[in-house]
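What follows is calculated from the coordinates using simple rules that are stated; it is not laboratory data. Computed from a prediction, not measured in an experiment: that's the story for all the values here. Glycine gets a Cβ as well: all are built from the backbone with ideal geometry, and neighbour counts include every protein chain shown.
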Amino acid sequence: MKKIIFSVLTISLSLVSCQNTDELLENTSENNLTSENQTASKSNFFPATGLANEQYGSIGPYAVSTDAVLGDCGNIGGIIVDVLQSINVLDHTIQCTNNFPFGNGSPIMTSVYYPTNIANMDKLPVVNFVGGILSNEGNYAQMLKLWASHGFVVVVSSDFINSMPEMHILGALKASKLNKDTQSPLYGKIDMSRMIIAGHSAGGGASLLTSSIPEHAMKLIDPALKVVGSLPIEPGPAAVSFTVKAPTLILTGRLDIVVMPWYTKLHQSHLLNQSPAWAATATTATHFSPTMEISKNEFAGISVAWLKYTGYNDADAKAYFVGPNYKLKSDSQFLQGIHPYRVVRNPIADNLQ
């Protein structure tokens, strides 16, 4: 455990000394849909910019409810948080769930975010999300609320390691259970045939692995289950992509020194050839951008566009990915032109109508 703590501190200190541009985590309170207006950490200077962030990088039309309970960060994780706060890497108002090592609860957890008025809505697509190694579910609360506010049920799962498909499988099981539970507010409201597998860091690598599982095997969880998209954000190195069977958008950050974009391009995005695939590198994103307040999360808008495209086949969102002049290729938030990490898509995506 000492080695784990040392590794986390080493990475964080490197970020401060080399970039001094990023905050690891940003506080969010339950159902607080105005958190994007909170003061940013001293260690972050870059706002989210570009076409997708302008169109989709703000809270959507729906208020959000969740069964996640957020509070102070304690135990071993709390010690790490205290140290990182002392060097202005973390905001001083950050919260966590009670799961180990940030609390006394089990390291295995799963929570759900959804539109508050879901009872008056048709069935919604479901986003099955897993975060990074050593992370806590609360670290991603603002991004998860953003997605839910745009009309998605979002299930987030964690076992503190988050590197293999078991947490996405747990998330799929929870979604199926809630959809069948007559006592659940989500009873009959989750469209299991429209599931997007998403993740960050280790969970991003796990999303590639989960998206490689054959459809007939996933249907053992729920006969209606169908994976319609994959969203690995700065995916960890535990997975390659040539086995992925779902449309996939891989997002990386130019300032990421934990999972560097050259590795993702060489080892993962370059090998996607069984399904439509896109890859984009955000100009100012670090490894911890997905944990920031929405106005500083470079991936916020494009992630919503991807979810709306794969989950709803929304025409406006589709324009970012399909057609000869697809908007992602001209979005200033992402590297373009002749840069080696420029926006690219594979031949299958090129031929989509």
Quiz item: Around PHE334, what is the net charge, scoring Lys/Arg as +1 and Asp/Glu as -1 over all other residues with Cβ under 13 Å from its Cβ?
Solution: +3
Self-check item: C-alpha center-to-center spacing [segment 222-270, segment 313-353] in angstrom
Solution: 16
Quiz prompt | Environment charge at MET109 (Cβ cut-off 11 Å; Lys +1, Arg +1, Asp -1, Glu -1) | solution = -2
Quiz item: For segment 106-113, what does the Karplus curve 6.51 cos²θ - 1.76 cosθ + 1.60, with θ = phi - 60°, yield as ³J(HN,Hα) per residue in whole Hz, taken in order and with x for Gly and Pro?
Solution: 4, x, 9, 8, 8, 10, 9, 10
Quiz item: With contacts defined as alpha carbon pairs under 8 Å and 6 or more residues apart, what's the relative contact order of segment 206-353 in percent?
Solution: 21
Quiz item: What is the fewest-to-most order of ARG342, ARG254, ARG194 by other Cβ atoms lying within 10 Å of their Cβ?
Solution: ARG342, ARG254, ARG194
Quiz item: Among all the lysines, which ones have a C-alpha under 25 Å from LYS219's C-alpha, if same-chain residues fewer than 8 places away are not counted?
Solution: LYS123, LYS174, LYS177, LYS180, LYS189, LYS245, LYS308
Practice problem: Work out the FRET efficiency for VAL240 and ILE79 from their Cβ-Cβ distance, taking R0 = 30 Å, and round it to the nearest 0.05. | Solution: 0.30
Quiz item: Which ³J(HN,Hα) values in Hz, rounded to whole numbers, follow from the phi angles of segment 306-317 under the Karplus curve 6.51 cos²θ - 1.76 cosθ + 1.60, where θ = phi - 60° and Gly and Pro get x?
Solution: 5, 5, 5, 5, 6, x, 10, 6, 5, 5, 5, 5
Quiz item: Rounded, prolate or oblate: which fits segment 222-353, taking a ≥ b ≥ c as square roots of the Cα gyration tensor eigenvalues, rounded meaning a/c under 1.5, else prolate when a/b beats b/c?
Solution: rounded
